[in-house]
Amino acid sequence: MKNKYQRLSKVEKKEACDKFKNSEDNINKVYEKLTRLKVFGIIGFCLIFISTLFDIFITSSIITYIVDGISLLICFIAAYKADETRSRLVNSFLINESKKK
């Protein structure tokens, strides 16, 4: 089932995110920190993927493949969870905002 944030159009989502960033509900700049975590997760995923490709062409030990795989998994999970948490926070902000009216 889609939540309120997922039902918005692209422009409305951007406006909702901007409202959340400027509101008092954005305690300790959580939105910006989650965005930064998502970007670092995506960049890390890309760099480790390239590193894994180089390890495939160079004779490497099995430990190198295991470390690359675990690192890829951690970066992917960090980026996914940061995006999910950010959308959940904006959704709860939208719900609370509509209750206040």
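The values are calculated or read from the model by the stated rules, or taken from the named source; none is laboratory data. Since the structure is predicted, the reported quantities are computational estimates derived from the model, not experimental observations. Using ideal geometry, Cβ is built from the backbone for each residue, glycine included, and neighbour counts are taken over all protein chains shown.
Of the residues making up region 44-84, those that are within 23 Å of E32 (Cα to Cα) and aromatic (F, W, Y) are F45, F76, Y80. Each residue in region 69-90 was checked for being more than 8 Å from the chain's Cα centre (by Cα) and farther than 23 Å from E12 by Cα, and 9 of them qualify. Scanning for something at pLDDT 90 or above, aromatic (F, W, Y) and touching a helix residue (DSSP H, G or I) at 6+ places or on another chain (Cβ under 9 Å), does region 26-46 turn up at least one residue? Yes, some residue in region 26-46 is at pLDDT 90 or above, aromatic (F, W, Y) and touching a helix residue (DSSP H, G or I) at 6+ places or on another chain (Cβ under 9 Å).
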